[in-house]
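Notes follow the structure.
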Amino acid sequence: MLVEEYIETTLNKSISIYWWSRYRLRNKRSALLDQREYPMSNPRKPFRINVGFIIHEEIGYSHEIPFELDKVKLDDLELKNFEGSVHIGRTPQGLIVQGKFSAETTLECVRCLKNFNYPLKWEITELYAFNKKSVSESGLLLPDDAHIELAPLLREYALLEVPINPLHKPDCKGLCIECGQDLNARDCGHSQVEGDSPFSKLKDLL
Ligand SMILES: [Zn+2]
Ligand SMILES: [Zn+2]
């Protein structure tokens with residue numbers, strides 16, 4: 001090997017090592033910065049997000065925030081196995097929030113009154129406008145403190161996926177109109193023909 005060649009390869013190697021370590025260092029540092037600037041959200045308010053750092057980014061910038069929560073309460077809506085993520089993007093008019101989520105909730109079957117797990121899947125898209133001129137239909141404005149609370153949005157959109165008359169299975173037989181027996185479990189022998197029973201009025205409503 002020529003001396004020049006040797007020098008060149010060694011030099012290239014050390015240059016690439018230099019860049020590699022710089023790169024690693026930079027990544028490490030930005031990871032640390034990330035933790036400092038975007039701390040893990042308050043566990044009691046997991047959907048309150050500081051978006052201040054996104055406001056100052058270029059148009060087109062987008063930041064993703066993943067969520068994974070065993071249990072979460074959105075006001076009256078209790079969810080389990082909550083998973084999903086939001087992308088918060090910088091647009092000229094404001095911050096666009098787009099998210100996809102899945103979770104389970106407990107519903108009561110309207111026929112047999114049994115509680116059952118119901119899987120929900122939903123998406124959200126909303127614009128938090130910088131000023132009143134740019135507000136969308138939902139009228140959301142970016143608050144002065146640059147913290148947005150997604151919980152009410154998540155609840156609102158999730159509730160759209162909750163059936164009005166939930167059934168624990170499509171062919172649920174319901175309760176006996178005479179004795180209240182769960183007919184899925186056992187046939188009590190009563191005729192289920194509408195009579196003057198107090199249950200019959202109720203059944204009409206269902
Ligand atoms: Zn049922
Ligand atoms: Zn019965």
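The values are calculated or read from the model by the stated rules, or taken from the named source; none is laboratory data. In this text, all values refer to a predicted model and were calculated from it rather than measured experimentally. Glycine gets a Cβ as well: all are built from the backbone with ideal geometry, and neighbour counts include every protein chain shown.
Descriptive notes on the structure:
- Residue in region 71-79 that is under 29 Å from T105 (Cβ atoms) and either loosely packed, with under 10 Cβ neighbours inside 10 Å or modelled with pLDDT under 65 (or both) present: yes
- In region 51-74, the residues that are farther than 27 Å from P92 by Cβ form Cβ pairs under 6 Å with partners that are not in a strand (DSSP E or B), at six or more places apart or across chains, as follows: L74/A151; L74/L154; L74/R155.
- Single unsatisfied condition, E137 versus (1) exposed (fewer than 11 other Cβ atoms within 10 Å of the Cβ); (2) not assigned by TED's automatic domain parsing to the domain that holds I88: (2)
- Hits in region 128-157 - residues which are part of a strand (DSSP E or B) and in contact (Cβ under 8 Å) with a residue 60 or more places away in the chain: Y128, H147, I148, E149
- If the condition is being outside any loop (DSSP other than H, G, I, E, B) and at pLDDT below 95, then region 55-70 contributes only I55.
- Against the criterion of being more than 21 Å from R44 (Cα to Cα) and assigned to a strand (DSSP E or B), T125 qualifies.
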